[in-house]
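Chemist: A single structure is presented below for examination.
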Amino acid sequence: MQLLKQKVLDEGIVLSNRVLKVDSFLNHQMDPVLMKEVGREFTRRFAGEAVNRVLTIESSGIAPGIMTALELEVPMIFARKQKSLTLRDDIFVEKVYSFTKQETNEITVAKKFIQPGDRVLIIDDFLANGEAAFGLARIVEQAGATVAGIGIVIEKAFQPGGRLLKEAGYRVESLVRVAALDDGKVTFADQD
Ligand code: 5GP
């Protein structure tokens, strides 16, 4: 997605050879016009998948998630991150290790919002090791629903998440794929 690549080049800040900061359009300040295009692009890519729910994780997944859900005209659910939880039977819970915060969170979704038979599109802002996406997929599967696909705004292709998710059988669509973050510079994996 050319528009997004240009935005990453113009505004992305390479914090280290593993972390890209995009707080001017995705992770703090958000660019609604760009997010609208992101939603359109995911909708185009997953058009044949009969999606009836979008699932993301707070907080940075919410903007691309809601714009995709708006375009698809389906509800969006965001998983909540919590430190620790008393046992409850009305929520799905999964453990997710956070790449950026280096801590394990429990992520939760109310059971009433995902039903058996649902076809759920998972959306997230970044893909690194795949922890967040796998955690969301496990929640969908706990519900007896199907993962219709996984849409990622920025995949860091030098980390294994994309490969692991595909090996697990999921369809992964990343709008931009970063091949490297060396010498303070972003290099993309694909030419398109
Ligand atoms: P994963 O769960 O795939 O290891 O990491 C993805 C999650 O970690 C995303 O939800 C995102 O919030 C965060 N993340 C991973 N890498 C980066 C990065 O380079 N920059 C930013 N801003 N967030 C990242």
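The values are calculated or read from the model by the stated rules, or taken from the named source; none is laboratory data. Since the structure is predicted, the reported quantities are computational estimates derived from the model, not experimental observations. When we count neighbours, we look across all protein chains shown, and the Cβ atoms used for this are built from the backbone with ideal geometry, even at glycine. We work out accessible area using only protein heavy atoms, side chains counted, and drop any ligands, DNA or RNA first. Shrake-Rupley method; radii C 1.70, N 1.55, O 1.52, S 1.80 Å.
Chemist: Order the following by accessible area, largest value first: Phe92, Phe113. Probe radius 1.4 Å; ligands, DNA and RNA are ignored.
Modeler: In descending accessible area the options line up as Phe113, Phe92.
Chemist: Now, a different point. With r defined as the distance between the Cβ atoms of Lys166 and Arg40 and R0 fixed at 25 Å, what FRET efficiency is calculated, to the nearest 0.05?
Modeler: With a Förster radius of 25 Å, E is 0.60.
Chemist: Give, rounded to the nearest 20 debye, the magnitude of the charge dipole that the chain has about its Cα centre when Lys and Arg contribute +1 at Cβ and Asp and Glu contribute -1 at Cβ. Working shown, then result.
Modeler: Working: 25 positive and 27 negative charges, 59 e Å.
Computed about the Cα centre, the dipole is about 280 debye.
Chemist: I would also like to ask the following. With the cut-off at 22 Å, tell me which of the pairs Lys36/Lys166; Lys5/Lys81; Lys101/Lys166; Lys5/Lys156 have Cα atoms farther apart than that. Please report the intermediate quantities before stating the final value.
Modeler: Working: Lys36/Lys166 26 Å; Lys5/Lys81 29 Å; Lys101/Lys166 25 Å; Lys5/Lys156 13 Å.
Beyond 22 Å between Cα atoms: Lys36/Lys166; Lys5/Lys81; Lys101/Lys166.
Chemist: Using Cα-Cα distances under 8 Å and only pairs 6 or more residues apart, what relative contact order does segment 35-171 have, in percent?
Modeler: 24 percent
Chemist: Cross-link partners among aspartates and glutamates for Lys185, C-alpha distance below 13 Å, same-chain residues fewer than 8 apart left out?
Modeler: Asp10, Glu11
Chemist: Related question: Just to be sure I understand the model, the point goes 7 Å from the Cα along the line to the Cβ. What's the resulting Lys185 to Thr146 distance in nm?
Modeler: Reported label-point gap for Lys185 and Thr146 is 4.5 nm.
Chemist: While we're here: Would you calculate the volume per residue, in Å³, of the smallest convex hull containing every Cα atom of segment 23-120?
Modeler: Considering the Cα atoms of segment 23-120, their hull volume per residue is 105 Å³.
Chemist: Percent of accessible area on segment 117-171 owned by carbon and sulfur, 1.4 Å probe?
Modeler: The nonpolar share, carbon plus sulfur, comes to 47 percent.
Chemist: Taking the simple approach of a point 7 Å from Cα along Cα-to-Cβ for both Val33 and Glu49, what is their distance in nm?
Modeler: Placing both labels 7 Å along Cα→Cβ, they lie 2.8 nm apart.
Chemist: Then there's this: Among Thr104, Thr68, Thr146, determine the one that fluctuates most according to a GNM of the chain built with springs between C-alpha atoms less than 10 Å apart.
Modeler: Thr104
Chemist: Just the accessible area per residue of the chain, please: how many Å² with a 1.4 Å probe?
Modeler: So the chain comes to 49 Å² accessible per residue, rounded to a whole number.
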